[in-house]
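The values are calculated or read from the model by the stated rules, or taken from the named source; none is laboratory data. Since this is a predicted model, take the numbers as computed values, not measurements. Ideal geometry is used to build each Cβ from the backbone, glycine not excepted, and the neighbour counts take in all protein chains shown. For accessibility, only protein heavy atoms count, side chains too; no ligands or nucleic acids. Shrake-Rupley method; radii C 1.70, N 1.55, O 1.52, S 1.80 Å.
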Amino acid sequence: MERAVGADEGVLAGIGSTPLIELGKVVSAGSARVLAKLEFANPTGSMKDRMAVAAIRGAEARGDITPGDTVVEYTAGTTGISLALVCAAKDYGLHIVFSDAFSDEKRRTMEALGATVEDVPSDHGRITERLIKAMIARAGELSAQPGHWACDQLNNRDAMTGYLTLGQEIWQQSSGRVDAFVQFVGTAHSIHGTARALRAHLPGLRVVAVEPAESAVLSGGPTGSHRIEGTGIGFIPPLWEPAEVDAIERVSYEEAMAMSRRLAREEGIFAGTSSGGNVVAALRVAEQLGPDATVVTVMVDSGFRYLSTGLYGQ
């Protein structure tokens, strides 16, 4: 299967071609088949590797960055880790704007890969609109320096193209048997990129977005705080395309956390909270569509990134 990048690019050649597996024990009788793309099989353990390499390659093609420059990004950590991998492989500096609201494993991983990490303090560890906008503002200040380039993931259109391969892989691995695609929304790049690739083959594909119930702004609810990292930024993402989505499911942190634990114990899938939330929503869609259909969702990243958060363990 074709990879996301060329085989001559070292570790970056390992991005993509992740497994697609069928869930068994957590799926109710009479429901649709539920398939999960194991994106934690990417080099950093996350689907964000796809968008990071696409964003950097796009900037290189335009001449926005040159050897020796520093990339700047605001992140809950998952995008930051993926950018750190790409920047290490391509010899760019990386300055990350982070927060104590996100897991310490992410901080340590970014630093291990050579990134400089600074914090914007949160309100007692809560993920809020105010926090995200403060992080964005700080990244803007840093990127104004000479030799610095703002990746600006929320507004980066190259990032979405990184997920076209995700859709293409799902199409090939499922033998074209996909009726619905379910995905949590952060920047909205992964849901739109994957769905566009699938709809090139399946115009009638049902696309279902997932958002935190505690901050359900996509479906018209009020902004709020939540604990599902990498999702629910508290305001409408700039590149969100509501016309490309058929439905929106709200999933609470407690539901997502409980499902993440079930996936580990019953399916042997060790993933983060957004992955658990994806499965909660996918199971709802599977019940709606019935046994003759197939629903696909994404295991966004590895559970190893959340050992300090209380998601797993006592």
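Looking only at region 41-78, how many residues end up being within 24 Å of Asp100 (Cβ to Cβ), modelled with pLDDT of 95 or more and assigned to a helix (DSSP H, G or I)?
Counting residues in region 41-78 that are within 24 Å of Asp100 (Cβ to Cβ), modelled with pLDDT of 95 or more and assigned to a helix (DSSP H, G or I) gives 2.
Please specify each residue of region 226-245 satisfying the condition of being surrounded by 15 or more Cβ atoms within 10 Å (Cβ to Cβ) and β-branched (Val, Ile, Thr).
Residues satisfying the conditions are Ile228, Thr231, Ile233, Val245.
Mind listing whichever residues of region 246-264 are open to solvent by less than 20 Å² (accessible area, probe 1.4 Å) and of a type in the set (A, V, I, L, M, F, W, C)?
Hits for region 246-264 are Val251, Ala256, Met259, Leu263.
Failed condition for Phe304, given (1) of a type in the set (Phe, Trp, Tyr); (2) open to solvent by less than 50 Å² (accessible area, probe 1.4 Å); (3) in a helix (DSSP H, G or I), with all others met?
Among (1) of a type in the set (Phe, Trp, Tyr); (2) open to solvent by less than 50 Å² (accessible area, probe 1.4 Å); (3) in a helix (DSSP H, G or I), the lone unmet condition for Phe304 is (2).
In this structure, is Gly114 farther than 25 Å from Ile228 by Cβ and either β-branched (Val, Ile, Thr) or in contact (Cβ under 8 Å) with a residue 12 or more places away in the chain (or both)?
yes
Is region 52-73 home to any residue that is farther than 30 Å from His124 by Cβ, open to solvent by 10 Å² or more (accessible area, probe 1.4 Å) and of a type in the set (Lys, Arg)?
Yes, region 52-73 contains at least one residue that is farther than 30 Å from His124 by Cβ, open to solvent by 10 Å² or more (accessible area, probe 1.4 Å) and of a type in the set (Lys, Arg).
In this structure, does Thr223 turn out to be more than 18 Å from the chain's Cα centre (by Cα) and either crowded, with 19+ Cβ neighbours inside 10 Å or within 27 Å of Ile81 (Cβ to Cβ) (or both)?
Taking the combined requirement at face value, the residue satisfies it.
Would a scan of region 174-191 turn up a residue that is free of Cβ contacts under 8 Å to residues at least 40 places away in the same chain, touching a helix residue (DSSP H, G or I) at 6+ places or on another chain (Cβ under 9 Å) and not basic (Lys, Arg)?
For region 174-191, residues free of Cβ contacts under 8 Å to residues at least 40 places away in the same chain, touching a helix residue (DSSP H, G or I) at 6+ places or on another chain (Cβ under 9 Å) and not basic (Lys, Arg): absent.
How many residues does region 264-301 hold that are of a type in the set (A, V, I, L, M), closer than 19 Å to His226 by Cβ and part of a helix (DSSP H, G or I)?
The total comes to 3.
Which condition breaks for Gly14 when tested against (1) modelled with pLDDT of 95 or more; (2) surrounded by fewer than 17 Cβ atoms within 10 Å (Cβ to Cβ); (3) of a type in the set (Gly, Ala, Ser)?
Only one criterion is unmet by Gly14, namely (2).
Inspect all residues belonging to region 80-101 and state whether any of them is in contact (Cβ under 8 Å) with a residue 24 or more places away in the chain, surrounded by fewer than 19 Cβ atoms within 10 Å (Cβ to Cβ), assigned to a helix (DSSP H, G or I) and out of contact with any Leu (no Cβ under 7 Å at 6 or more places or on another chain).
The answer is yes, given that some residue of region 80-101 is in contact (Cβ under 8 Å) with a residue 24 or more places away in the chain, surrounded by fewer than 19 Cβ atoms within 10 Å (Cβ to Cβ), assigned to a helix (DSSP H, G or I) and out of contact with any Leu (no Cβ under 7 Å at 6 or more places or on another chain).
Report, by residue number, each residue of region 240-263 that is in a helix (DSSP H, G or I) and under 17 Å from Glu229 (Cβ atoms).
Tyr253, Glu254, Glu255, Ala256, Met257, Ala258, Met259, Ser260, Arg261, Leu263 - these are the residues of region 240-263 that are in a helix (DSSP H, G or I) and under 17 Å from Glu229 (Cβ atoms).
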